[in-house]
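Novice: Before anything else, here's the structure in question.
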Amino acid sequence: MISRRAFAYYVSAGATCASILHILAMLGYAPFDLWTVAAMFLLVAAPAFIAMLAHVSRIAGTRPDAVDLLAAVPEWGRRLFVAVFIYAGVNVAAFLVVTGGGSVKQRADGRYVLSEHGNFIRELDAKGVRALHIWDVRLITGSLLPFLVLPGLYFLFAPSVSSGERQPLTPAA
């Protein structure tokens, strides 16, 4: 079985990769397409989040809640998570403002348009299509950051379950 510390480093490496891709997208460069980025991080974020919830259940003996998930994390880690969570929300809001909530569609004549549920927003040239692709990558990477940062912090500081005893998680100093 993989150790908590090794799992923490694995998830932290995923968060670092997501952060790098996010910063590159903010700078106007998206080296991968949207689905590659989404699949790459969902293969890290989803198992990490599920493993974290299972670990808390084994330790506390109850269904995990937000208090349990953050209890073992020191104050600086909780503040980091809250900052990343708020940033993810701001990033989604910025995406919605820039795109008008729409997505890129290619019409039968080969031109690209920005539309929302079939409603035309505006026509796009090649530069506009590229810009919206970058915003898509930025949305995915920014939205996954909280789901990578929380398990990374949790597994870095969570107690071991090797003793087999269930105990409530106590707040870290």
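The values are calculated or read from the model by the stated rules, or taken from the named source; none is laboratory data. Because the structure is predicted, anything quoted here is derived from the model rather than measured. Neighbour counts run over all protein chains shown; Cβ positions are idealised from the backbone, glycine included. Calculation scope for accessible area: heavy atoms of the full protein, side chains included, ligands and nucleic acids excluded. Shrake-Rupley method; radii C 1.70, N 1.55, O 1.52, S 1.80 Å.
Novice: According to a simple spin-label model (label point 7 Å from Cα along Cα-to-Cβ), what is the distance in nm between Ser57 and Ala39?
Specialist: Placing both labels 7 Å along Cα→Cβ, they lie 2.9 nm apart.
Novice: Could you sort 96-106, 8-18, 26-36, 43-53 so that the peptide with the highest average Cβ count within 10 Å comes first and the rest follow in order?
Specialist: In decreasing order of mean packing, 96-106, 8-18, 26-36, 43-53 become 8-18, 43-53, 96-106, 26-36.
Novice: Leaving out ligands and nucleic acids, and using a 1.4 Å probe, what accessible area per residue does region 1-140 come to in Å²?
Specialist: Values: 8230 Å² over 140 residues.
Computed with neighbouring chains in place, this is 59 Å² per residue.
Novice: Let me ask something additional. Taking a probe of 1.4 angstrom, what is the accessible area of Ser160 in Å², to the nearest 10?
Specialist: Roll a 1.4 Å probe over it and Ser160 shows about 60 Å².
Novice: Just order 147-159, 78-90 by mean Cβ neighbour count inside 10 Å, highest at the front, would you?
Specialist: The most tightly packed comes first, giving 147-159, 78-90.
Novice: A further question follows. Around Leu124, which amide H atoms from residues at least 5 apart in sequence, or from another chain, sit under 5 Å from its own amide H, with H modelled in the peptide plane?
Specialist: Amide H neighbours of Leu124, under 5 Å, 5+ apart: Tyr112, Val113, Leu114.
Novice: Hey, another quick one. Could you give me the ³J(HN,Hα) list for region 87-94, computed from phi with Karplus coefficients 6.51, -1.76, 1.60 and θ = phi - 60°, whole Hz, x at Gly and Pro?
Specialist: For region 87-94, the Karplus-derived couplings read 4, 4, x, 5, 4, 5, 4, 4 Hz, x marking Gly and Pro.
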